[in-house]
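Inspection log for the structure reproduced underneath, given as structure tokens.
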Amino acid sequence: MKTKLILAVAVFTSLAGFSQKKWTLKECVDQALERNISVQQSKLNLKLAIKDVAIANGNFLPNITGGSSGNFNSGLSPDRNGVLTNTNNFNGSFSLRSSGTIFNGYRNTNTYKQAQLGVLSSEYNLKKIENDISLFVVNGYLNVLFAKENLNVANVQYEISVKQIEAVKSRFEAGAVAKGEVLNIQSTAAANLQSVVAQENVLNLALLNLAQTLQVPIDNFDVAPIELGTPSENLLYTNSEIVFEKSLLNRPEIESAKLAIESADLSIEIAKSAYKPTLTYSLSAGTSYYHQFNNLLPTRFNDDFISQTADRFQYGIGFNVSVPIFNRFQTKNNVAKSKINKEISITRLENEKIQLKQTIEQAFLDVKAASKSYQAAKISLAAQKEAFKNSQQRYNFGDMTLFDFDQVRTRLVNAEGAMIRSKYDYVFKTKILQFYSDELVLE
């Protein structure tokens, strides 16, 4: 009965694990980009920029307004004989007006161009936020895989300790070792179990951090493994300058800074437009209608509505020229301010380039250091594995004490941990360089 129960639990656990979704790296990145508040805000800013283009485009169109008024009067008015008599009168009017700009120093044209640059700038800002979030998710994803490998190492060490307990007990029962050695190996197994629990907690925290980044429930959350293989010993690039030159062609913050300079040029032209005359036009059309309810006035006739409005129809056209002469040096100072803003934009671009170059140079040195650390960790692990293999044989034959054997095994555990850390550190820092050279592929 007990065996059947254990088998049923094992089958249920296996089915649950099989049905559990494992998120791929690309799915994690897509989910983070969809849920992230900063991305959503940046998309809304892009929509605002698009509306600014529509508003600027509308400046080229004329405005049209329609109006109507009606007045009712009651009181004394002279009749046909000139005698004041109480009358009731209604007077109504209808008008349609339009006005627009013919020339205003190309202010509308430059404003429209500036609004278009604003859309491009918003797109680059959105791209930068998406890039930063993608790299953050990649780091979190690799942290989960790193924690899983550490947990696997801890489990292997615990399994080794459990097997050693059985072997030592057999030797103790045969009188080959003392009771103290059994207790020592049991103590080592307990320490290994504590390490397993600690690594499980590290893994759970890594999964929690990633799940919170994706804004998904932590229950049953897990990620799919990535085949990292053995990272190449060769660096992707011979020097940081290659990465920097590539990054200048694709980094959104650089492109955004360039657009800021173009926008500043347009701001200067917009400010200068106040020096130039402005030519506008206006169009108007209207008519009116009059009705006397008791028809007593000698000069008023109650013609029908259509006849009156047709007879009284009027239209007009006008032009207006405004020439600036003196406006308290406001235009001069606005132009000067626009030129200063352009200088600020130029320094911003240079600062972005300097920061990018420094970041890439640091990333390149980090990759070189991580590569050397990874190679050293591989050599150390290979040596420790061989040492552990020999020590295990000597211990099994009774040629080595438990204390000395534990020392060798501890060095092996440390070497395995160092190997895992150096591998993931090297992989992630390599991906940073790929990120800046626009060659990072999310699978």
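Candidates are the residues of segment 175-219 that are surrounded by 13 or more Cβ atoms within 10 Å (Cβ to Cβ) and among the acidic types (Asp, Glu); the one that is farthest from the chain's Cα centre (by Cα) is Glu181. Restricting segment 27-58 to residues that are more than 15 Å from Glu123 (Cβ to Cβ) and surrounded by 15 or more Cβ atoms within 10 Å (Cβ to Cβ) leaves a set whose member that is farthest from the chain's Cα centre (by Cα) is Ala56. The single condition among (1) of a type outside the set (Phe, Trp, Tyr); (2) assigned to a helix (DSSP H, G or I); (3) surrounded by fewer than 17 Cβ atoms within 10 Å (Cβ to Cβ) that Ile226 does not meet is (2).
Of all residues in segment 107-139, those satisfying the criterion of being modelled with pLDDT of 95 or more, over 12 Å from the mean Cα position of the chain (by Cα) and of a type outside the set (S, T, N, Q) are Arg107, Tyr112, Lys113, Ala115, Leu117, Gly118, Val119, Leu120.
Within segment 405-427, the set of residues being within 42 Å of the chain's Cα centre (by Cα) and basic (Lys, Arg) comprises Arg421, Lys423. Take the conditions (1) under 30 Å from Phe397 (Cβ atoms); (2) acidic (Asp, Glu); (3) in contact (Cβ under 8 Å) with a residue 12 or more places away in the chain; Glu173 misses just one of them, which is (3).
Condition (residue is in contact (Cβ under 8 Å) with a residue 12 or more places away in the chain and under 30 Å from Phe221 (Cβ atoms)) applied to segment 112-121: is it met by at least one residue? Walk me through how you get there before you give the answer.
Within segment 112-121, the first condition is being in contact (Cβ under 8 Å) with a residue 12 or more places away in the chain, and the residues that meet it are 112-121.
Adding the requirement that they be under 30 Å from Phe221 (Cβ atoms) leaves none.
No.
Take Glu350 and decide whether it is under 25 Å from the mean Cα position of the chain (by Cα) and touching a residue at least 40 places away in the same chain (Cβ under 8 Å). Break it down into steps so the answer makes sense when it comes.
Working: under 25 Å from the mean Cα position of the chain (by Cα): yes; touching a residue at least 40 places away in the same chain (Cβ under 8 Å): no.
Judged against the criteria, Glu350 is not a match.
Filter segment 134-166 down to the residues that are more than 30 Å from Leu440 (Cβ to Cβ) and not small (Gly, Ala, Ser) and list them by number. Explain how you work it out, then say what you get.
Here is the first cut: in segment 134-166, the ones more than 30 Å from Leu440 (Cβ to Cβ) are 154-166.
Listed by number, the residues that qualify are Asn155, Val156, Gln157, Tyr158, Glu159, Ile160, Val162, Lys163, Gln164, Ile165, Glu166.
For Leu135, the conditions (1) assigned to a helix (DSSP H, G or I); (2) touching a strand residue (DSSP E or B) at 6+ places or on another chain (Cβ under 6 Å) are fulfilled apart from (2).
Taking every residue in segment 44-68 that is among the aromatic types (Phe, Trp, Tyr) and pairing it with any residue that is exposed (fewer than 15 other Cβ atoms within 10 Å of the Cβ), at least 6 positions away or on another chain, the pairs with Cβ-Cβ distances below 9 Å are Phe60/Gly100. Considering the conditions (1) part of a loop (DSSP other than H, G, I, E, B); (2) modelled with pLDDT of 85 or more, Leu283 is excluded by exactly one of them, (1).
Evaluation of Gly100 against the conditions (1) surrounded by fewer than 17 Cβ atoms within 10 Å (Cβ to Cβ); (2) within 20 Å of Phe293 (Cβ to Cβ); (3) not charged (D, E, K, R) shows that the sole unmet condition is (2). Restricted to segment 232-265, and to residues there that are part of a helix (DSSP H, G or I), modelled with pLDDT under 95 and of a type in the set (S, T, N, Q), the residue that is surrounded by the fewest Cβ atoms within 10 Å (Cβ to Cβ) is Asn250.
The values are calculated or read from the model by the stated rules, or taken from the named source; none is laboratory data. Note that the coordinates shown come from a computational prediction; the quantities given were computed from them, not determined experimentally. Positions of Cβ are generated from backbone atoms using ideal geometry, with glycine treated the same way; all protein chains shown enter the neighbour counts.
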